[in-house]
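Computed from the coordinates by the stated procedures, all read-outs in this text should not be read as laboratory data. Nothing here was measured: the structure is a model prediction, and the numbers come from that model. Here the Cβ positions follow ideal geometry from the backbone for every residue, glycine too, while neighbour counts run over all protein chains shown.
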Amino acid sequence: MHLNAVAASRLATVVNQLSLAPFEGIVHCPADFYGATTIIAFSYRTGRTVDLLFHTAGCMSLSNGYVTAEGVSHPDFYDGFESTFASLAPVPDFMPGD
């Protein structure tokens with residue numbers, strides 16, 4: 001799926017607002033049976049690209065391979081990024097093997 005420039009800019013804005021602070025405490029995440037990951041690729045007019053890995057199951061997270069924003073107990077992840085992503089690129093309601 002390709003986003004138009006306006007939608008991509010909207011998604012980039014919420015990504016840039018994510019907290020990178022580590023969560024400290026006990027975490028209970030939903031089971032992750034599939035290891036589902038979505039690759040988000042941004043390309044710029046300069047030719048530069050940035051790839052992000054969105055771990056969409058269990059404890060959700062977003063990583064560029066060096067820095068990870070964890071969804072655990074960070075409202076900006078669920079209220080900002082995850083809800084914006086879902087509105088722009090809805091995840092199908094099935095899992096592999098269904």
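Side notes on the structure shown:
- Rg/Rg_globular for the chain, with Rg_globular taken as 2.2 N^0.38 Å and Rg from C-alpha atoms: 1.11
- Only helical runs count toward this figure. For the chain, summing -39,500 (n - 2.57) over DSSP H runs of n ≥ 4 and dividing by all residues gives -5000 deg cm²/dmol at 222 nm.
- Cα-based helix-to-principal-axis angle, 5-16 vs the chain, degrees rounded to 10: 40 degrees
- Inter-label distance for Ala57 and Tyr44, nm, one decimal - labels placed 7 Å from Cα along Cα-to-Cβ: 3.4 nm
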